[in-house]
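Asks: Got a structure for you, written out below as structure tokens; questions coming shortly.
The values are calculated or read from the model by the stated rules, or taken from the named source; none is laboratory data. The structure presented is a predicted model; accordingly, all values stated were derived computationally and were not measured. Positions of Cβ are generated from backbone atoms using ideal geometry, with glycine treated the same way; all protein chains shown enter the neighbour counts. Side chains are part of the model used for accessible areas, which takes the heavy atoms of the whole protein and leaves out ligands, DNA and RNA. Shrake-Rupley method; radii C 1.70, N 1.55, O 1.52, S 1.80 Å.
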Amino acid sequence: PYLDTGFRGASIKEIAEGLEKGLDVSCYAKMTYGWQQMREIRLGLEKRLDITVYESPLYGWQQMREIRLGMEAGIDVSSYRKLVYTANDMRKFRLQLMDDVDQAEDDFLEIEIELKNAASYDIVVSEDEMQATIRLIKTDSKPTKEEIVLALKRQGVLCGIKTDAIEKLLQQENYNQPTLVAQGALPEDGEDGWYEYFFRTEINHAPKQLEDGSYDYQNVDWFEIVEAGQKIAYYHEAGKGKNGYTITGRVLKAAKGSEKSVLAGKGFHLEADKKTYTATINGRIELSDNRLEISKLFILEEMTLATGNLEYDGAVYVRGNIGMGTKLIATGDIIVDGNVEAATIECGGSLMLRRGINASDHGHIKAEKDVIGKFFEAAHVRAGRNIQADYALNCELYAKGHINISGKNGILAGGNICAVQGLHTFHLGNRVGVHTRVQLGINEEIRKQRDDLENALKNAEEEIKILQNAREDFQQKYDPEIRNAMEVYLKIENAIYSLNNDMEFLLEEKEKMDENIKAMKNASAVITGNLYDNVQVIIDEVKWNSTPLKKVTLRKSHGRVAVFSM
């Protein structure tokens, strides 16, 4: 509903971000706002502020920002949110008000007291005005409680007077010892806002390691399921706090607790109270940082040629087996309780095989994240992150992260193994000397990805440079009111904006790739059991053929594959 030619690309982005976070974007998705104004209103909604205080389009976005920052700091912005003030004026007012809250003015005045028995006691008020003490001096006369209270008040002590302490002092006649007779109270800041969740928020997907080093794949909690209409979260607002005071009656303002941002994600609805979150679909729920997602979950008893293939937008849970010749594709995670035969399985999340796969060299598995299974036999397995199993025989394994073959009987033998960031196994190869090829570190695929990314960055930089030159020509030739009405100029501005966003994404991807390549340079093969004959190890294209060894680590050192004993 917000795709309109009147909105620029940056405005559409602000609307989209608000929609993704479940905000009511209708209050700022208007032609009267520029994208920066939209951003300030969106940020206010995320912080649960009353955006009606500054949502007028007459405010510039810098003015909106100063009002928003003041509201976030818990100060009264009514004194400076007037349109006559510039953003710089507003900033000065905001900083001054924040300073007044933190450092109250010292306006205490000492008052000489002339009372009948004033010589029989001394009153001392602390510099911070938080305490007053009295010391009795032995004379012929003794002051009364009422006289001391009056003396305190004449010295400006108006709050926190301890009349019981004064009575006790006079009864005990404790001379020449300071006694606390007035005490201020420090402010108690408000509690920060917090979310109460009505589902398990922390589920350890990793299988539990057993005593023999292997893993229990059967008893793994992989997900939590909720139903449509179910209350899944409730937000408790930040507390206002309790003001303190000095004994002179000066109020020490408490800071209001910080509000948390609204939950971003999908599959749920924020109710009208802006606190209660309700599931809108049946499915799997998962919380990561401040993002809550409910994804559709399809449950199957089993998959065979009779049941047919399945492509599903969400997560899939198969309670039984997956038979030969079937195909299962899902955008989310896939969990299989039974055995897998020569099938094709692909998912956009992680794949969990509680038992394993025997594919007879015809099964293909691919996951964007992790692949975890009890065993892999004659299977083609590709993982965007890590592969973990108790044993793998005659497989084609490719992991962009690590491969971990666990347990005292863990065997990795036969086939082609590629673990970009490293390998950990108990046995590598086997007694009969089946040929096993292991490749670690940077490979041809990684190099091509890096080259493609660098070329994309170079092309984007060149395009931006050309467009910036064109924009400068327009700015030199035409006044703002003329060029801002020219369709060509607006297209150039939008193209620059889009390309800058592309550049940000490409730079982030390059940073991730650089980190991965750094990890690849330290890739090693750790064999905690036996390394058998007929194993070829390639690290960054440097080849090494094995001889029977025990408990060793293989890594590249000085241009060769070096062997280190444990």
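Asks: State the Cα centre-to-centre distance between segment 363-408 and segment 228-250 in whole Å.
Replies: The two parts, judged by their Cα centres, are 50 Å apart.
Asks: Below 8 Å, C-alpha to C-alpha, sequence gap of six or more: please give me the relative contact order for segment 332-400 in percent. List each step's numbers first, then the result.
Replies: On the way: 211 pairs, mean separation 17.4, N = 69.
With pairs under 8 Å counted, the relative contact order is 25 percent.
Asks: What does DSSP give for segment 429-566 in terms of the percent of beta bridges that are antiparallel, rounded to the nearest 5?
Replies: Working: 16 of 21 bridges.
In segment 429-566, approximately 75 percent of DSSP beta bridges are antiparallel ones.
Asks: Measure nothing but the geometry: give the 0 to 90° angle between the long axis through the Cα atoms of 145-154 and the longest principal axis through the Cα atoms of the chain, rounded to 10°.
Replies: That helix lies at roughly 70 degrees to the long axis.
Asks: Quick check: net charge around Arg471, other residues with Cβ under 13 Å of its Cβ, Lys/Arg +1 and Asp/Glu -1?
Replies: Numbers: positive: Lys465, Lys477, Arg483, Lys491; negative: Glu463, Glu472, Asp473, Glu493.
My count for the surroundings of Arg471 gives 0.
Asks: Let me ask you something else. Residues of segment 410-472: accessible area per residue at 1.4 Å, in Å²? Walk me through the numbers on the way to the answer.
Replies: Details: 3070 Å² over 63 residues.
Each residue of segment 410-472 exposes 49 Å² on average to a 1.4 Å probe.
Asks: What share of all Cα pairs of the chain, in percent, falls into each consecutive 20 Å distance bin?
Replies: Spelled out per bin, shortest first, that is 15, 31, 28, 18, 7, 0.
Asks: Evaluate the Kirkwood expression for the hydrodynamic radius of segment 465-506, namely the inverse of the mean inverse distance over all pairs of different C-alpha atoms, and round to one decimal in Å. Let's see the in-between values first.
Replies: Numbers: mean 1/r = 0.0931 Å⁻¹.
For segment 465-506, inverting the mean 1/r across all distinct Cα pairs yields 10.7 Å.
Asks: Asp514 to Trp194: FRET efficiency via 1/(1 + (r/R0)^6), r the Cβ-Cβ distance, R0 35 Å, to the nearest 0.05?
Replies: Using R0 = 35 Å, I get an efficiency of 0.40.
Asks: Compute, for the chain, the length of the dipole vector about the Cα centre, with Cβ point charges of +1 (Lys, Arg) and -1 (Asp, Glu) only. Units Debye, rounded to 20. The partial results should precede the final answer.
Replies: Numbers: 71 positive and 89 negative charges, 294 e Å.
Approximately 1420 debye in magnitude.
Asks: What does DSSP give for the chain in terms of the percent of beta bridges that are antiparallel, rounded to the nearest 5?
Replies: Working: 51 of 131 bridges.
Given both bridge residues lie in the chain, the antiparallel proportion sits at roughly 40 percent.
Asks: Right, another one. Could you tell me the distance between the Cα centroids of segment 151-182 and segment 281-340, to the nearest Å?
Replies: Cα centres, segment 151-182 to segment 281-340: 75 Å.
Asks: What are the lysines whose alpha-carbon lies under 17 Å from the alpha-carbon of Lys153, with same-chain residues fewer than 8 places away excluded?
Replies: Once the sequence-local lysines are set aside, what remains near Lys153 is Lys116, Lys145, Lys162.
Asks: Of Lys13/Lys275; Lys82/Lys274; Lys521/Lys556, which ones are farther than 18 Å apart at the Cα? The partial results should precede the final answer.
Replies: On the way: Lys13/Lys275 25 Å; Lys82/Lys274 28 Å; Lys521/Lys556 8 Å.
Checking Cα-Cα distances, Lys13/Lys275; Lys82/Lys274 exceed 18 Å.
Asks: Continuing with the same structure: Please work out the ratio of the alpha-carbon Rg of segment 416-561 to 2.2 N^0.38 Å and round it to two decimals. Please report the intermediate quantities before stating the final value.
Replies: Working: Rg = 25.4 Å, N = 146, 2.2 N^0.38 = 14.6 Å.
My calculation over the Cα atoms of segment 416-561 gives 1.74.
Asks: Give me Rg/Rg_expected for segment 262-338, where Rg uses Cα atoms only and Rg_expected = 2.2 N^0.38 Å with N residues.
Replies: On the way: Rg = 15.7 Å, N = 77, 2.2 N^0.38 = 11.5 Å.
My calculation over the Cα atoms of segment 262-338 gives 1.37.
Asks: How long are the three semi-axes of the equivalent ellipsoid of segment 327-382, in whole Å, if each is the root of 5 times an eigenvalue of the C-alpha gyration tensor, listed from largest down? Don't skip to the answer; put the middle values down first.
Replies: Working: eigenvalues 50, 26, 17 Å².
Gyration-tensor ellipsoid for segment 327-382: 16, 11, 9 Å.
Asks: While we're here: Considering Cα pairs under 8 angstrom that are at least six residues apart, work out the relative contact order of segment 402-533 and quote it in whole percent.
Replies: Values: 175 pairs, mean separation 50.6, N = 132.
Computed over segment 402-533, the figure is 38 percent.
Asks: So, one more: Hey, got the Cα dimensions of segment 1-98 along the principal axes, in Å, largest first?
Replies: Over segment 1-98, Cα extents along the principal axes are 42, 24, 17 Å.
Asks: Still on this structure, please answer the following. Loop only per DSSP, at most 13 neighbouring Cβ atoms within 10 Å: give me the GluC sites (Glu not before Pro) in segment 508-566, ordered by residue number. Don't jump to the answer; show the numbers that get you there.
Replies: Working: sites: Glu508, Glu509, Glu511, Glu515, Glu541; in loops: Glu541.
When the GluC sites (Glu not before Pro) of segment 508-566 are filtered for loop state and at most 13 Cβ neighbours within 10 Å, Glu541 remain.
Asks: If you don't mind, there's one more thing I want to ask. For Cα pairs less than 8 Å apart in space and 6+ apart in sequence, what is the mean separation divided by the residue count of the chain, i.e. the relative contact order in percent? All intermediate terms of the calculation are to be shown ahead of the outcome.
Replies: On the way: 1254 pairs, mean separation 40.5, N = 566.
Once normalised by length, the contact order is 7 percent.
Asks: Right, something else. Output the Cα-based Rg and Dmax of segment 160-205 in Å, rounding Rg to one decimal and Dmax to a whole number.
Replies: Cα radius of gyration and Dmax of segment 160-205 are 24.3, 70 Å respectively.
Asks: If you line up the long axis of helix 9-20 against the longest principal axis of the chain, both from Cα atoms, how many degrees apart are they, to the nearest 10?
Replies: Relative to the chain, helix 9-20 is tipped by roughly 90 degrees.
Asks: Tell me the carbon and sulfur percent of the accessible area for the chain, rounded to whole percent, probe radius 1.4 Å.
Replies: Numbers: 14540 of 30700 Å².
Heavy-atom surface of the chain belonging to carbon and sulfur, 1.4 Å probe: 47 percent.
Asks: Normalise the Cα radius of gyration of segment 43-92 by 2.2 N^0.38 Å (N = residues in it) and let me know the number.
Replies: Against the compact-globule rule of thumb, the ratio is 1.00.
Asks: Moving on to the next point. Using only the Cα atoms of segment 338-465, construct the convex hull and provide its projected area averaged over every direction, in square nanometres to one decimal.
Replies: On the way: hull surface 35.2 nm².
It is 8.8 nm².
Asks: Can you give the translational diffusion coefficient of segment 501-561 in µm²/s, computed by Stokes-Einstein from the Kirkwood radius over Cα pairs at 37 °C and 0.692 mPa s? It would help to have the intermediate numbers written out before the result.
Replies: Numbers: Rh = 13.7 Å.
Rounded to a whole number, D works out at 240 µm²/s.
Asks: Using every pair of alpha-carbon atoms in segment 491-531, split the distances into 5 Å bins beginning at 0 and state the percent of pairs per bin, rounded to integers.
Replies: For segment 491-531, the pair-distance distribution reads 6, 19, 12, 12, 11, 10, 9, 6, 5, 4, 3, 2, 2.
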